[in-house]
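Some notes on the structure that comes next.
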Amino acid sequence: MKLLNTLVAALSLALLLGSAPASASDYPPDYPVCNVNDSQTTGPFEVIRHTSKLPGRFATLTVSYRGYLRTKYRDDQISIFVKLNGQYATLPASAGTNSDAYIYLNAGTRNCTKCMRYMNTPLCNAHFAAGGQEGVWVCEQPNATENNIFLYGWDPYGNENAWDIYVAATANGEWDSNLGANYFARLPARTSCW
């Protein structure tokens with residue numbers, strides 16, 4: 001009985017004192033937790049969404065073009081029109097490595113660096129010039145075009161909405177646009193990337 005009372009007292013004391021709070025490893029904010037690709041081919045386009053963390057705006061969109069304008073113009077002379085859930089832009093294409101012209105958009109933070117005073121990088125220099133603390137993760141942010149395109153890509157809880165995407169290509173006033181209707185792809189909504 002004495003032993004039981006001692007154990008109960010020790011357990012009660014341990015519960016009252018609590019334990020030190022657990023802390024996770026100090027991964028950068030852009031650290032990929034998972035990787036899932038959703039893709040769809042529509043006409044001469046392939047539309048690829050790569051998600052690396054949910055909830056949150058951690059996804060990229062690649063639109064790859066393999067249509068007839070590539071036989072008439074260099075890839076850097078082609079622009080790709082993309083419209084995602086009502087937000088749109090026409091962006092200059094780059095030459096791809098898979099016989100394509102493509103655009104690449106990133107919705108989330110990227111290239112995160114833990115800034116220390118001895119570092120001499122533009123990102124950290126700007127952070128310290130603005131009065132930032134040492135040992136803080138600082139990341140590049142989406143540009144204005146990316147913020148606009150991805151505006152309705154997520155719900156208020158950070159889950160991915162379904163992405164309704166319209167695409168077309170243009171060069172020197174010529175369009176590959178499905179006779180003006182644009183090519184359409186729908187990528188599914190996601191609440192997890194596992």
>> Being of a type in the set (Phe, Trp, Tyr), under 19 Å from residue 37 (Cβ atoms) and either open to solvent by 50 Å² or more (accessible area, probe 1.4 Å) or under 16 Å from the mean Cα position of the chain (by Cα) (or both) narrows it down to one residue among 163, 137; which is it?
In response: 163
> With respect to residue 158, is the statement that it is free of Cβ contacts under 8 Å to residues at least 40 places away in the same chain, open to solvent by less than 30 Å² (accessible area, probe 1.4 Å), outside any strand (DSSP E or B) and over 30 Å from residue 68 (Cα atoms) true?
Replying inline: no
>> Test of understanding: among 130, 126, which residue is over 17 Å from the mean Cα position of the chain (by Cα), open to solvent by 70 Å² or more (accessible area, probe 1.4 Å) and either farther than 30 Å from residue 44 by Cβ or not small (Gly, Ala, Ser) (or both)?
In response: 130
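Rundown of residues vs (1) under 21 Å from the mean Cα position of the chain (by Cα); (2) of a type in the set (Asp, Glu), yes/no style:
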{"residue": "118", "(1), (2)": "no, no"}
{"residue": "146", "(1), (2)": "yes, yes"}
{"residue": "149", "(1), (2)": "yes, no"}
{"residue": "155", "(1), (2)": "yes, yes"}
{"residue": "168", "(1), (2)": "no, no"}
{"residue": "175", "(1), (2)": "no, no"}
>> Condition first: open to solvent by 40 Å² or more (accessible area, probe 1.4 Å), aliphatic (A, V, I, L, M), within 21 Å of residue 149 (Cα to Cα) and touching an Asp or Glu at 6+ places or on another chain (Cβ under 9 Å). Can you find one or more residues in the range 45-68 that meet it?
In response: yes
> From the list 89, 189, which residue is in contact with a strand residue (DSSP E or B) (Cβ under 8 Å, 6 or more places away or on another chain), of a type in the set (A, V, I, L, M) and touching a residue at least 60 places away in the same chain (Cβ under 8 Å)?
Replying inline: 89
>> Just to be sure before I move on: is residue 184 open to solvent by less than 70 Å² (accessible area, probe 1.4 Å) and either of a type outside the set (Lys, Arg) or within 14 Å of the chain's Cα centre (by Cα) (or both) in the structure I sent?
In response: no
> Do we have any residue at all in the range 106-122 that's of a type outside the set (Lys, Arg) and at pLDDT 95 or above?
Replying inline: yes
>> Go through the range 104-143 and report how many residues are within 30 Å of residue 82 (Cα to Cα), of a type in the set (Phe, Trp, Tyr) and either in a helix (DSSP H, G or I) or touching a Gly at 6+ places or on another chain (Cβ under 6 Å) (or both).
In response: 0
> Of the residues 111, 98, which is surrounded by fewer than 12 Cβ atoms within 10 Å (Cβ to Cβ) and either more than 20 Å from residue 182 (Cα to Cα) or of a type in the set (A, V, I, L, M, F, W, C) (or both)?
Replying inline: 98
> What is the one condition in (1) open to solvent by less than 70 Å² (accessible area, probe 1.4 Å); (2) touching a residue at least 60 places away in the same chain (Cβ under 8 Å); (3) at negative phi that residue 152 does not satisfy?
Replying inline: (1)
> Within the range 80-95, restricting attention to residues that are touching a Leu at 6+ places or on another chain (Cβ under 8 Å) and open to solvent by less than 20 Å² (accessible area, probe 1.4 Å), which residue is nearest to residue 182 (Cα to Cα)?
Replying inline: 82
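The values are calculated or read from the model by the stated rules, or taken from the named source; none is laboratory data. Note that this is a predicted model, so its numbers are computed, not measured. As a convention, Cβ positions derive from the backbone with ideal geometry for all residues, glycine included, and neighbour counts pool all protein chains shown. Ligands, DNA and RNA are excluded from the accessible area calculation, which covers all protein heavy atoms including side chains. Shrake-Rupley method; radii C 1.70, N 1.55, O 1.52, S 1.80 Å.
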